[in-house]
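Let me begin by presenting the structure, written as C-alpha cells, before commenting on it.
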Amino acid sequence: MAKRTIVSMPGDGIGKAVLNETIRVLNAAGFEANYVEGDIGWEFWCKEGNPLPDRTIKLLEEHKIGLFGAITSKPKDKTASELAPELQGKGYTYYSPIVTMRQHFNLDICMRPCLTFTGNPLNFIRRTADGGVEEPKIDVMIFRQNTEGLYGGVEWTNPNDQVYDAFMTHPKFSKNFGWCPREELAISTRIFTKKYVTRIVEAAFEYAKKRGFKKITVCEKPNVIRETSGMMLKVAQEMSKAKYPDIWVEDVNIDAMTMWLTKNPENYNVIVAGNMFGDIVSDAFAGLIGGLGFATSAQFNPESGVAVFEPTHGSAPKYADYETSIVNPIAMISSAVMMLEHIGESVIAEKIRKAVAEVVAEGKVRAYDMMKMKGTPDVVKQGAASTTQMADAIIAKLK
C-alpha cells in the first residue's frame, strides 16, 4: 500500500520546532508517510507579498491532509513596513494565511478538544464547600464555525459611497453612527449563512450522539446579536426536535459561559459557536487543562476531504531564536493524533495518546510551562525539559 503524503507547514517561530518533533513521534509510533513541506507565513509575506503561496494551495489540493505549526501576524502598519522594498506601494495587502486557507478550502468545521490529562500540575482546581480542594475532569469538544462570522474579512475603513449609503439605510446605523465622519469610520461585518450554521450544528449533534452525551450547548449571544446568534440557536433547537430528540439544546451566552466554565467546567461536553465566540471559549477552556501547550484543533471540509490539523497556540517568536527550543510540543503532537483519527489510523492514534498521558501522569519530564516557569532560555538548566526531550519521553513510552 502506498504511503500517504502529508503536507507539513511549519510556518513561523516555534512552528518548525514543534512540527519536527511531532513527525519524529509519528515515525516512532509506526505511522508511515511522506512529508512535503508547504510554504506559509511571515517570511513569504515579506519576500513575495503572499503569506500563503499558490504552490502550497496546490499541495493541499493534491494531498488533502496538512499538519500546520504556527504563524506570526502583525498589525497593519508593520505588515506594510516589513514587506520587501521592491514590493511596497504595489497594492499588496496582508491577510492571515490560516484564515485564507480556511476560506479557500472551506474548512468550515473546526473541532477543538479540551481534555484533562491526569497528573498535569496545570489542571484547574477549585475549593469545596468544606474548604478542601477538588480537580474536576474536563472533557469538552468545541465546535467552532470556522469560515464565517467576524473572521469573514468583510470590512472597511473609510467605506466607499456604495457601502456607506447601504449602511445608512439601516435606522440604527444612521441614528447612532451617522454623526461620524466617514474617514474616521471602520466597519466589520458578522455574517452567518444557514447552510454552514447547519453543518457545524449537525457535526456537534453527531459527536454528542457518538459519545452518548445528552445535550449540546450553543454558546452565542442571541439576546443582543439577534440575527446571527439567533440563527444558530434556532437551527440547533429545530434540529434537536426533528432529528435528535434525545439530545437537548442549552443556550448559554458567551459572557456567562466564561463565568460558568471556571465554576463548573465538568457540566459541559459539547459546545457549538460561531467563529469569534468559538475562538474565545476554546482558549478559555484550554486554560483549565494546562494552557495553549495542550490546546489542539482539527479543521476540515467533509465534501472535499481537505483537512488541516494545528495547535491553537501562536508562533511565540521570542522563543524561536533560543539555542535550545523550550516550548511544549504536546499541543502539536495531539493535533497529529486528531489527524490520525481522521484518516482512520485509530490504533496508532491511541498509542500516541496513551504515551502522552503516561508522560504527563508520571511527571518526571515536564516542559517549562508545566513547571510554572517563565519562558527564559535557561529553563532547561533549571530542570525543565526541552522540546526534544519532551518528544523523547513520549517516544520512549511508545516502545
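Every number here is computed from the coordinates shown, using simple stated rules; none is lab data. None of the values given here were measured: they were computed from a predicted structure. Every residue, glycine among them, receives a Cβ derived from its backbone with ideal geometry; neighbour counts consider all protein chains shown.
Points to keep in mind about this one:
- The range 144-197 and the range 240-317: distance between their alpha carbon centers, rounded to Å: 26
- Average silhouette area of the range 236-341, convex hull of alpha-carbon atoms, in square nanometres: 9.3
- Convex hull volume of the range 238-277 per residue (C-alpha atoms, cubic angstrom): 83
- Each helix, a run of at least 4 DSSP H residues, gives -39500 (n - 2.57); summed and divided by the residues of the chain, these come to -12000 deg cm²/dmol at 222 nm.
- Seen from residue 373, the other residues with C-beta closer than 14 Å to its C-beta sum to a net charge of +2, counting Lys and Arg as +1 and Asp and Glu as -1.
- Residue 354/residue 214 FRET efficiency (R0 25 Å; Cβ-Cβ; nearest 0.05): 0.35
- Sorted by Cβ density within 10 Å, fewest first, the residues 39, 255: 255, 39
- Computed from backbone phi, the HN-Hα couplings of the range 227-238 come to 6, 7, 4, x, 4, 5, 5, 5, 4, 5, 5, 5 Hz, rounded to whole numbers (Karplus: 6.51 cos²θ - 1.76 cosθ + 1.60, θ = phi - 60°; Gly and Pro given as x).
- Ranked by how many other Cβ atoms sit within 10 Å of their own Cβ, fewest first, the residues 261, 87, 288 fall in the order 87, 288, 261.
- Normalised per residue, the volume of the convex hull around the Cα set of the range 124-174 (Å³): 197
- Within the shell of other residues whose beta carbon sits under 14 angstrom from the beta carbon of residue 93, the net charge comes to 0, with Lys and Arg scored +1 and Asp and Glu -1.
- Using alpha carbons only: equivalent-ellipsoid semi-axes of the range 41-179, gyration tensor based, whole Å: 38, 27, 17
- The length gained by stretching the chain between residue 154 and residue 373 to full extension, at 0.36 nm per residue less their Cα-Cα distance, is 74.8 nm.
- Rg and Dmax, both from the Cα atoms of the range 169-276 and both in Å, are 17.0, 55.
- Taking GluC sites (Glu not before Pro) across the range 173-260, the ones in a DSSP loop with at most 12 further Cβ atoms lying within 10 angstrom of their Cβ are 227.
- Annotation: aspartates and glutamates with alpha-carbon distance below 20 angstrom to residue 76 (same-chain offsets under eight excluded): 12, 43, 48, 86, 155, 183, 184.
- Between residue 186 and residue 37, residue separation times 0.36 nm minus the direct Cα-Cα distance comes to 49.9 nm.
- GluC sites (Glu not before Pro) within the range 65-135, DSSP loop, no more than 13 other Cβ atoms inside 10 Å: 82
- Pairs exceeding a 21 Å alpha-carbon distance, out of 209/243; 209/397; 3/58: 209/397.
- Electrostatic dipole magnitude of the range 19-164 [Cβ: Lys, Arg +1; Asp, Glu -1; Cα centre; debye, to 20]: 220
- Computed about the Cα centre, the dipole magnitude for the chain is approximately 820 debye when only Lys and Arg (+1) and Asp and Glu (-1) carry charge, each at its Cβ.
- Pair-distance distribution of the range 324-399: all C-alpha pairs, bin width 5 Å, starting at 0; shares per bin in whole percent are 3, 17, 25, 22, 16, 9, 5, 2, 0.
- Net charge of the neighbourhood of residue 314, taken over other residues with C-beta under 12 Å away and scored Lys/Arg +1, Asp/Glu -1, is -1.
- Residue 174 paired with residue 258, simple spin-label distance in nm, labels 7 Å along Cα-to-beta-carbon: 3.5
- Rounded FRET efficiency, nearest 0.05, which uses the C-beta distance separating residue 198 from residue 398 and R0 of 30 Å: 0.15
- Computed about the Cα centre, the dipole magnitude for the range 112-212 is approximately 460 debye when only Lys and Arg (+1) and Asp and Glu (-1) carry charge, each at its Cβ.
- Alpha-carbon spread of the chain, three principal axes, descending order, Å: 66, 61, 49
- Simple label model, 7 Å out from Cα along Cβ direction - residue 86 to residue 347, nm: 5.3
- In this rough spin-label picture, where each label sits 7 Å from Cα along the Cβ direction, the residue 78-residue 5 distance is 3.5 nm.
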